[in-house]
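Working notes for the structure below.
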Amino acid sequence: YFAKRANNFQNEVCWERRAEFWGEGITGYDIKRLERGIIRSYANSNHPDLYRWNISTTPDWMNRCIPRSESAYNTGITTNNPTPSAPVDNDAEYKW
């Protein structure tokens, strides 16, 4: 494979991973690691109503919170959990 820029190579790898591992739930890790957005509102989208949103950065609802029991028994961590917030309504259709 040939790419002039690392970003182009990352895009190709992400696209292949999405195609090869469709439905297996690993895309979320790529989104978090590479700080990518999510596009779910587009023409002929099969995403259910109220779940068609477009987010340009890593969404807040993807933040993993540490359970209180873990911080109670593990003194090596602090309670710095982010507040995950879910999208409320559909976004306008994304134009490719």
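Annotations
- Here the Karplus relation 6.51 cos²θ - 1.76 cosθ + 1.60, evaluated at θ = phi - 60°, turns the backbone of the range 32-48 into coupling constants of 5, 5, 9, 6, 9, x, 10, 10, 10, 10, 8, 4, 6, 5, 9, 6, x Hz, with x for every Gly and Pro.
- The chain: angle of helix 6-20 to the longest principal axis, Cα-based, in degrees nearest 10: 90 degrees
- The range 24-96 - percent relative contact order, Cα under 8 Å, separation 6 or more: 36 percent
- Its alpha carbons considered, the range 54-96 gives a radius of gyration followed by a Dmax of 15.6, 49 Å.
- Cα gyration tensor of the chain - equivalent ellipsoid semi-axes, whole Å, descending: 29, 21, 12
- Amide H contacts under 5 Å for Tyr94, placed H, 5+ residues apart: Ser41, Tyr42, Ala43
- Largest mean-square fluctuation among Ser71, Ser45, Ser85, in a Gaussian network model of the chain whose springs join Cα atoms under 10 Å apart, belongs to Ser71.
The numbers here are math on the coordinates, done by the rules we state, and not lab data. Since the model is a prediction, treat every value here as computed from it, not as a measurement.
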